[in-house]
Amino acid sequence: MTRRRLIALLLCLTPVAAQIKPLTILHSNDLHAHLVPDDRNNGGFARLATEVRRQKARCQACLYLNAGDLVQGTPVSTLFHGSPIYEIANLLGFDVATLGNHEFDYGWRRTQEFMRIARFPIVSANIVDADGKTMTRPYVIQTVGGIRVGIIGAILGDLVGTVITQESAGPWRILPVVETVRKYAQEIRDRTDLIVVLAHIHDETEVDAILHQVPEVSVVVAGHSHVGYRTMMNVDGRVAVLVRAYGDQLGRLDLKVDMAAKKVLSAEWTKIPINSKIPPAPDVAAVVAKWESKVSKQVDIPIGESTARLDSRSPQLRKMIERAMAEETGADIAWVNGGNIRDTLPKGQVLIRHVWNILPFDNYIVMGKFRGSDIPPSITERYPVDPDREYTVATTDFTATNQSASDQLNSSALRFPRTGPLQRDAVIDWIKKKKVVP
Ligand SMILES: [Zn+2]
């Protein structure tokens, strides 16, 4: 065959072959500043970085997306208000990230500081000011492996007022997720081959709704629920993925993209464990060590022993925290919402660090006196009361000011006029006195 004929033949074949293109989306969510491995030696930013680099090196068309709540959860984040985590995240290789509700925990100005530190694009379409101007870019279009991928960001539709206070949000308000995503999906459809939503949102009411109601969107990479999906959500070939929190898994979604139809032809999802078999990336390990050394003296101090491993959803751990708060303040009843408790109490030696991980928020204990009949069922179903007796009830200042939120004090308007110690300090003190817990 002559060279010219060969070229002619190739030109004929190429357009057909180019109709289907592979795309791999690596993804994580809710890393929550878990820089170092957990009590079972899983996770850690330096190992995560190694795995992402390995995956990217083997991959011809790859994007790594992070679905929010990068900060809040460990002493480095609490003490330095999240900024070091964004500095370290610059080494993780995110191609695009979005904001989670906890990015607002240190106030909205700090959220803007995170966006200044980040050397990766941060997308979010539904955080706007009074004039409708978005806090950050609503979307980006990135071309990988010849595919123009539009990535639209979104955050919880009920963020302000329910999940965080208006004070933390400052001038920002939230537009409805589904409508906003639809608007941008329609706007970028002609300029893209595939549309991905990268969002920190509710599973049932928002992820599922996008898959059902916005056909322009082919993939949702989600965050917020810490449990992780067992299998990917799939609605007529449009898929959604979410991995477990704290970075002990990296998600990998392998797609075949039908370029003409702008659709996913096939999707396969795997969860890669981030464990001790993965060597830590030296550059990331060095920055993590630098920041950990600034907190280690304060938090790597033994305070007692634990006879059982209790994870963050364990009713026993919640009871232990409540008991510590009650005994430290002299209250009759202490009550925290489930979301207050963020990490595992390990079995064996308990360090101050573990209590910081369990209670990373700078919450104070507050107290009030109530008649038994005035205490809402969310408390009395766990702590039965005599309706005619008076009780001192303790909770956190966060819960006291967010009583209208679900999972909280059932829309009651209880007043807690007395302020006690930092919740975390009270629990540390209590463990020191008890020596053996729970
Ligand atoms: Zn989270």
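Just so you know, all these numbers are worked out from the coordinates, no wet-lab data involved. Just so you know, these numbers come straight off a predicted model, no measurement behind them. Counting neighbours? That spans all protein chains shown, and the Cβs are built from the backbone with ideal geometry, glycine included.
Under the definition of Cα pairs under 8 Å and six or more residues apart, what whole-number percent is the relative contact order of the stretch 316-438?
33
The distance between label points at R415 and R191 comes to 5.4 nm (points 7 Å beyond Cα on the Cα→Cβ vector).
Placing dummy labels 7 Å off each Cα toward the beta-carbon, the span from D362 to T205 is 3.0 nm.
Under conditions of 20 °C and 1.002 mPa s, the chain yields 92 µm² s⁻¹ as its translational diffusion coefficient, taking Rh as the Kirkwood radius over Cα pairs in the Stokes-Einstein equation.
In terms of surrounding Cβ atoms within a 10 Å radius of their Cβ, I301, I352 rank from fewest to most as I301, I352. Once the Cα-Cα distance is subtracted from the 0.36 nm per residue extended length, the A260 to I141 segment shows a gain of 41.1 nm.
Placing R0 at 60 angstrom, the Cβ-Cβ distance between D300 and I20 gives a FRET efficiency of 0.70 after rounding to 0.05. Stretching D39 away from E381 to a fully extended chain increases their span by 119.9 nm, per 0.36 nm per residue minus the current alpha-carbon distance. The amide H of N363, built 1.01 Å from its N in the peptide plane, has Q423, R424 as neighbours under 5 Å, considering only residues 5 or more places off or on other chains. For the stretch 222-275, dividing the convex hull volume of the Cα atoms by the residue count gives 79 Å³ per residue. Grouping the Cα pair distances of the stretch 301-437 into 5 Å bins from zero gives a pair-distance distribution of 2, 11, 21, 24, 19, 12, 8, 3, 0 percent in increasing distance order.
If you filter the stretch 191-284 for trypsin sites (Lys or Arg not before Pro), then keep DSSP loop positions with at most 15 other Cβ within 10 Å, what is left?
When the trypsin sites (Lys or Arg not before Pro) of the stretch 191-284 are filtered for loop state and at most 15 Cβ neighbours within 10 Å, R230, K277 remain.
Each peptide in 51-62, 171-182, 124-135 receives the mean, over its residues, of other Cβ atoms within 10 Å, and ordering these scores from highest gives 171-182, 124-135, 51-62.
Using the Cβ-Cβ distance between R389 and K434 with R0 = 30 Å, the FRET efficiency computed as 1/(1 + (r/R0)^6) comes to roughly 0.65. Using only helices, what value at 222 nm comes out for the chain when you add -39,500 (n - 2.57) per DSSP H run of length 4 or more and divide by the total residues, to the nearest 500 deg cm²/dmol? Calculated from helices alone, the mean residue ellipticity at 222 nm is -9000 deg cm²/dmol.
A full extension of the chain between K56 and I117 corresponds to an added length of 19.6 nm, given 0.36 nm per residue minus the alpha carbon distance.
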